[in-house]
Each structure stands twice: as structure tokens, then as C-alpha cells.
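Just below is one structure, and these are the notes that go with it.
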Amino acid sequence: MFLERLLALATGAIVALCLGLGLVMMALGPGRKLAEPAHIAEPARLAEPPLAEADPAPLAEAATEPAPAPADPRPSARARIEQAIAATEEYRSFFQRMRQAFPTDYAAAIETFAQEPGVGAETASVDFYLAESVRRLRQARGVLAAKAEPLVLARVFDLQLDVLRAISAENKKLCAAFLYGGVDQDFHSFAARRRTLVAEMAVVGLEAIASGQAKQLERSAPSEEDFRALEKALAARGLRKPEIDSLLDGKTPDPPFDDKKTCALGQTYLEALRALPEPIRLRIYGLAVELMARS
């Protein structure tokens, strides 16, 4: 039972995971293709007039002169990417903070974007740059967030709840799909309309990683007693056993809950976590961000 609950906790992390995935899919779009360089035919060689025998020196000099190296397109591509980022007010602070806290990761991400064929074209998306940068940073350093300061770590989950509430207010079906990692056009549209919220979630995650790297606070894994405390907290909020089992043990009810119920359960789950005593809450939060980083 305890192992099952540890594994079931991974579904709690899906709130953060599917946001990044949704933004990547929105940025790429259905059927998007990378631009291919146009084929340029080799120009016909013009007839050259015969050289005068009296002056062979220019010919020798021309033969030994090295051909000019082709221009490297990447600096201009990097400039276009950074200009697009700077022009997107909602995302600017995330990339500024990433460059300050993790300069190597920032440079590697921008360099990777610059090497993509067709970068800088109208199809390039700053939403993709944000989502991919978040993904790369989470995979490379995300486990450090488990060692962050308490308030910084808690803020990660506060933002997850804010996102879930914002989706719930618009569309219960989308809210339920979001909890289970579903991504569709409705979600893409939501994310595009709520760039400020998306950017805040990205910054909060980055700050948790930076805090963990600096503070290195060690936390133990949650215990069976911790999960019992969470179960009691959920029951105190009016949840019945089938509802609690679906959250803590990953059991699918028969018949399944409708979208409105599923959405409400997800919010109650995060609210109950936030109300637990700090030591219990932080142990569960720490495990959750580790699962996010390894997904």
C-alpha cells in the first residue's frame, strides 16, 4: 500500500508536467515543418578572356588566395531569438533570471534554438522557447528543487493550484483533462491567453532549483504516517473513501467521476496538501518535484 501511494503521488506532479508539454505542442502546432533551404542552381561559368603573357603575376596571386569562409548564420539567429524573447514582456523575466542563475544552461538552450533550420521565421514561437527551456532545466537540475527553502518550494505548488483554478473557471472538461495530462486545442488556447500565469509558474520553478542548489536542504521521503495525515485532511474536507482512494492509491472508480468532480478533487488534493503541517507537507512536496524532474 505504501509503495502504491508513492507511485500514485506521480499523478499529483502531472499538474506541472502537462503544462510544459502543452506549451511545446502549442508552439509546434499540427503538421508544422521546419523550413528547408532552397536549392540554388550553380551559375553558368562565363567565358574568360585570355590572359596576357606579359603579366602572369595576377594569375598566380589569384590562384593562391583562399576563398572567403561562408558566413556563420548562427549569431544572427541567436540575435533574432533573444530579440523575440526581449519583445515578449511576460517571458522576459524568466530568461533574464535563467541567464543570471544558470548561464551555461541558458547559453546551451539559445545555441540549440539557433541551430534549428528556419529559426527566426514567422513560425518560430517564443512559447516554444520558454517551454523547451523549462523542460531542459528541469531535466538537468530539477531534482535540486527538492532541497529548496520551504517558502520557495511551497510556491511551486501554490502556482500549480492557481493554474488549476484558472482552467476550472473556464472549462471543467479541460480541467479534468489537464489533471490527467491531456493536451488539446482548448488547452493551447488557454495557455496562449494566460502567458503571465504560465511565465510566473516557470519563474517559480526556476527559483526553486536555484534555492535548492544554494541551500542543499536535505529532506526524507514521506512516510506511511504522512499519507495517513493527508488522508485525514482529505476526509475532513468532505471527501468519501472512493474519492480519497482515487487520489492516494490511484484507484479508478466505477463509474468514473465526471469532469466537474475530477476537477474539484484535484483542487481539493492540492489544498489539503497545503494545509498539512510543514514537515509533512515539505516531505511530500520534495518527492513530487523529484518525480517531475525524472519524468
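Rolling a 1.4 Å probe across the protein heavy atoms gives segment 225-295 an accessible surface of 50 Å² per residue. Charge tally around Cys175: other residues with Cβ under 12 Å, Lys/Arg +1 each, Asp/Glu -1 each, net +1.
Quick one: which of Lys215/Lys251; Lys173/Lys241; Lys172/Lys251; Lys241/Lys261; Lys232/Lys260; Lys147/Lys261 span more than 26 angstrom between C-alpha atoms? Going by Cα-Cα distance, Lys215/Lys251; Lys147/Lys261 fall outside the 26 Å limit.
What the phi angles of segment 165-180 give under the Karplus curve with 6.51, -1.76 and 1.60, with θ = phi - 60°, is a coupling list of 5, 5, 5, 4, 5, 9, 7, 5, 5, 5, 4, 5, 5, 4, 4, 9 Hz, glycine and proline written as x.
Could you order Ser246, Ser93 by accessible surface area, starting with the largest, using a probe radius of 1.4 Å?
Sorted by accessible area, descending: Ser93, Ser246.
Please state the shape class of segment 163-237: rounded when a/c is under 1.5, otherwise prolate if a/b exceeds b/c and oblate if not, all from the C-alpha gyration tensor. It comes out oblate by the Cα gyration axes. Divided by 2.2 N^0.38 Å, where N counts the residues, the Cα radius of gyration of segment 161-288 comes to 1.16.
The values are calculated or read from the model by the stated rules, or taken from the named source; none is laboratory data. Please read all numbers here as calculations on a predicted model, not as lab measurements. When we count neighbours, we look across all protein chains shown, and the Cβ atoms used for this are built from the backbone with ideal geometry, even at glycine. Remember, those area values only see protein heavy atoms, side chains included, never the ligands or the DNA or RNA. Shrake-Rupley method; radii C 1.70, N 1.55, O 1.52, S 1.80 Å.
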